[in-house]
Amino acid sequence: MNTPTLRRLHRWRGLAFSVSALLASSSGVIHQVMTWTQDPPPKAIPSGPEVPLDKVRIPLAQAVQAVPTASGGVRAVTLRMIAGEPTYVVWTRDAKTPTYVSGTTGTVASDRDEVFAGEIASRFLGGAPTRKAAVLTTFDTEYLPIFRILPVYRMETGDAAGTRVYVSTMPESVTRFTDNRRQWEADVFSNLHKLAFIRDKALRDAILVLGTAGVFVASLAGLVLFFRTGSRARPAAGS
């Protein structure tokens, strides 16, 4: 291929894929800004008040026996203060959610999972009251697969900032914290960097691959042009 033809192809290729380069560079700037304006994801560390052992009346074995699915095997048991009462949190092999057993009466408390999620959220927000807005069993446009943990409760404070947290009672912690401003930044980044406005994942991935490959080819063509025409552009020795 002669040099003029290569130049024309490179020019049009660069123009065609400049959109991909602009999106990638602008989203890179936004990503850096987000590291300044947004806190990192919260650590998955259980929190809560100490359990007064003198209030625990039911031994562990008896608490486990109260769980209907315990016969299939128990994976983990923790002891937490929930709703002001010592409570066993029992994870069995067959159940997808924990079973809560009162440490004082030995009875199963069916409503404790939501109560526990609310307490975790409130502690994270410095004592602010929260309410359950949703229970997510799949990822969505705000709670993305990068947060990994499901199911989660979406707990909201109802304040003007739109403060909300996502809580998992499995690691007993907040998995994501956001508000309207933070989410606006995250949405802009996702739309520019990952083309999140395209709902069809297969189409979105194909466009991303095509755009990235096009930028690569255009850059490679630029290098080829540089080395093919560079020697001709240099003045002859002694001129």
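The values are calculated or read from the model by the stated rules, or taken from the named source; none is laboratory data. As the structure is a prediction and not an experimental result, all values here were calculated from the model. All Cβ positions, glycine included, derive from the backbone under ideal geometry; neighbour counts span all protein chains shown. For accessibility, only protein heavy atoms count, side chains too; no ligands or nucleic acids. Shrake-Rupley method; radii C 1.70, N 1.55, O 1.52, S 1.80 Å.
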Of those in segment 167-194 that are touching a residue at least 60 places away in the same chain (Cβ under 8 Å) and of a type in the set (A, V, I, L, M), the residue nearest to Ile149 (Cα to Cα) is Met170
Could you look through segment 70-107, keep only residues that are among the polar types (S, T, N, Q) and within 21 Å of Glu172 (Cα to Cα), and pick out the one that is farthest from the chain's Cα centre (by Cα)? Ser102
Looking at this structure, is Val152 out of contact with any His (no Cβ under 9 Å at 6 or more places or on another chain) and crowded, with 18+ Cβ neighbours inside 10 Å? yes
Can Glu50 be described as acidic (Asp, Glu), surrounded by 12 or more Cβ atoms within 10 Å (Cβ to Cβ) and either in contact (Cβ under 8 Å) with a residue 24 or more places away in the chain or touching a Ser or Thr at 6+ places or on another chain (Cβ under 8 Å) (or both)? no
Need a quick list: strands (runs of 3 or more DSSP E) entirely within segment 143-206 having at least 2 residues that are of a type in the set (Asp, Glu). none
Within segment 90-129, track down each residue that is buried (at least 22 other Cβ atoms within 10 Å of the Cβ) and among the β-branched types (Val, Ile, Thr). Val90, Thr99, Val101, Ile120
Give segment 130-143 a look and list any residue that's in contact (Cβ under 8 Å) with a residue 40 or more places away in the chain and either open to solvent by 50 Å² or more (accessible area, probe 1.4 Å) or not acidic (Asp, Glu) (or both), or say none. Thr141
Working carefully through the options Arg80, Arg57, find the one that is over 30 Å from His193 (Cα atoms) and assigned to a strand (DSSP E or B). Arg80
